[in-house]
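Here the structure comes first, spelled out in structure tokens, and everything after it is commentary.
The values are calculated or read from the model by the stated rules, or taken from the named source; none is laboratory data. Note that this is a predicted model, so its numbers are computed, not measured. Positions of Cβ are backbone-derived with ideal geometry, glycine not excepted, and every protein chain shown enters the neighbour counts. To get the accessible areas, we keep the full protein, side chains included, count just its heavy atoms, and leave off ligands, DNA and RNA. Shrake-Rupley method; radii C 1.70, N 1.55, O 1.52, S 1.80 Å.
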Amino acid sequence: MRPGLFVLSLLSTGLVLTTLPRRAEAAPEARPSERDNLAELRPFLEKYCVECHGDKKTKGGVNLAKALTEEDIWKHQADWRDALENIRTEEMPPDDFKNQPAKADRAKAVAWLNGSFQRLEQLRDPGRVTIRRLTRREYNNTIRDLFGLDLKPAENFPADGGGGAGFDNNADTLFIPDLLLEEYLKAAHSVMDAVLADPAAKARFLKAEPSAALPEKEAARRTLAGLLPYAFRRPLAEGEMERFLAVQTRARQAGRDYPQSLKLAAVAALVSPEFLFRRERTETGSGYRALDSWEMAARLSYFLWNTLPDNELLGLARAGKLQDETVLSAQVKRMLKDPKARSMTEDFASQWLGFSQLDTAYFPNHGTFPDYYKNNLKEAFKQEASLFFDHIVRQNRPLTELISCNYSFLNDNLARHYGLPEVKGEEFRKVEFNDPRRGGVLGMGAVHVQTAYPHRTSPVLRGKFVLDVIMGTPPPPPPPNVLSLDTNNAAAKAQNQTVRERLESHRSKAECKGCHARLDPPGFALEGYDVIGRWREQDNGKPIDSNGVLPDGTKVDGPASLRAALLAKKELFVRNLAQRFLAYALGRGVEYNDEAALRQIVARTMAAGGNSENLVLEVVKSLPFRNVRRQ
């Protein structure tokens, strides 16, 4: 068998995980029974709710008739929390509804829902964890830190998926197409060829050479002992070393020299599931178990660095100290200060704020916005947003500065584009300014481009960005067959209409009014920015009208007042960030059973001052990050 095919066969058969000792765990609270048919709540829903929010009619995209068990309510708790609030405040059923509930019936429904959410918040369940492969970024960083070469072999891999809270490290979307298996094998060979061709990397890899005093098998064992535990992020299982030594021995028997024989053993390691996948020991039974120190070291390092644990983390894992909260807190602080944390901040921000898609999805019209291409603004926008978020997180700034600050990271080109005071030089640096139209993510061109169409702005897209991406309160999807504003584009231009004027007739329709009452006011407040983020005073020759009224009655008339309105609900903003950080850290979507942990993360973060480090610490110390559900 050719060496390449032999190595590929190792990938298909897999390797054995080490067996680690069990730990004592607390028992989880009882989950709701599938037999729970909501007998106490169902009559109220059928009489007062499902006519408008049921199977036949789903106003606002909400169908309350689908809930058959208490767990169904928990799985769609955003809708049900809204329902609870609307029933409690007597906003629902609406005044013109034919039947209105008696106060006693209303109180009974409120009490039942309150009790249900109290039960949810007491649920102790860390949730499921799916075995997941390394993302392209994680693969590149891991190779870099294993061998000391920044090779980026994963650039040729198929793109990673995206799911959960929108991050590409979600295990449920990290599929293994056949093409990726082939690319893994190619990458492993190319990496090891590069290692053997580089004197420093070769010396780092070949820990020992055979000599009269050192038999070849022992030299090979020492070399592999310097690679395998680091590559697999854990101690080797019994007999595991022998399997890779067997690859080296067979390569020697086939005529390979000593370095080349160890290269093939290393290739076998790099296509092993133990390297390519991050998997944690499974246990059968009820409840959950605490992660062991090796598993915790890997979770920490891939959350905060997108790479394997360093020697300090491995030393603490070896000593069994990574369950200690004091040790965990010290490590989080250390790791955030390390330059490797830049990988996390860039990865998280580019996907949360969407600027990772500027290369593939958003292209302003060349004729209307030539400066975007002539001045390479796409790269400038990405750099600004990335440096800004990295500063907030790694300098332990208040999370609210993501909305409210009076600074950004600019160079001469970008400052000139924004119409700000002169900045000299191509290097990006922190710049403070007094212009209330700038500051925070809502003042960034990276946001404006992706919340506009190629030829015009969109208050709807910008309003959706504020509601969904910034505040975590996404509006329902639009009803089917809604016409675009551009359907009658020629007529609008002939009438010299602004985008707002064209939108006014659309949002006045009964089926559109409810959603647009939420979407449009924050979008109107950002209408002063054109498609590529420049400030403007006019649209289609008419003055910009940035006025709007939020659903809670708050008036906004531009970016500054919108920021103030969002900061008045800062706990909602922090919850959104907490939910996204938790999803990113866990590699899965946040689910109903995470609600208790999520609320605790938010409460403790706010109580500690609301800085970025507080949030990261609370995510790491949370139940779902430190534990795993038994199967």
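Annotations
- So Glu85, is it touching a residue at least 12 places away in the same chain (Cβ under 8 Å) and either more than 30 Å from Ser272 (Cβ to Cβ) or out of contact with any strand residue (DSSP E or B) (no Cβ under 9 Å at 6 or more places or on another chain) (or both): no
- Candidates in the range 203-240 are the residues that are among the charged types (D, E, K, R) and assigned to a helix (DSSP H, G or I); of these, the one that is least open to solvent (accessible area, probe 1.4 Å) is Glu240.
- Answer residue from the range 168-199, given it is over 19 Å from Pro153 (Cα atoms) and not in a loop (DSSP other than H, G, I, E, B) and is most open to solvent (accessible area, probe 1.4 Å) among those: Pro199
- Inspection of the range 118-129 identifies no residue that is open to solvent by 50 Å² or more (accessible area, probe 1.4 Å), of a type outside the set (Val, Ile, Thr), assigned to a helix (DSSP H, G or I) and modelled with pLDDT of 90 or more.
- Those residues of the range 441-459 which are part of a loop (DSSP other than H, G, I, E, B) and of a type in the set (A, V, I, L, M), in sequence order: Met444
- Per the listing Arg438, Arg462, the residue uniquely under 25 Å from the mean Cα position of the chain (by Cα), surrounded by 22 or more Cβ atoms within 10 Å (Cβ to Cβ) and either at pLDDT 95 or above or part of a loop (DSSP other than H, G, I, E, B) (or both) is Arg462.
- Residue in the range 519-537 that is open to solvent by 20 Å² or more (accessible area, probe 1.4 Å), in contact (Cβ under 8 Å) with a residue 12 or more places away in the chain and under 25 Å from Pro454 (Cα atoms) present: yes
- Leu38 within 21 Å of Pro93 (Cβ to Cβ), modelled with pLDDT of 75 or more, in a loop (DSSP other than H, G, I, E, B) and in contact with a Leu (Cβ under 8 Å, 6 or more places away or on another chain): yes
- Out of Gly239, Gly255, one residue alone is within 30 Å of Arg630 (Cβ to Cβ), more than 35 Å from the chain's Cα centre (by Cα) and either at pLDDT 95 or above or not acidic (Asp, Glu) (or both). It is Gly239.
- All positions within the range 296-350 that are in a loop (DSSP other than H, G, I, E, B), surrounded by fewer than 20 Cβ atoms within 10 Å (Cβ to Cβ) and touching an Asp or Glu at 6+ places or on another chain (Cβ under 9 Å): Asp310, Gly320, Gln323, Asp338, Lys340
- Selection status of Arg133, open to solvent by 70 Å² or more (accessible area, probe 1.4 Å), touching a residue at least 24 places away in the same chain (Cβ under 8 Å) and out of contact with any Pro (no Cβ under 6 Å at 6 or more places or on another chain): no
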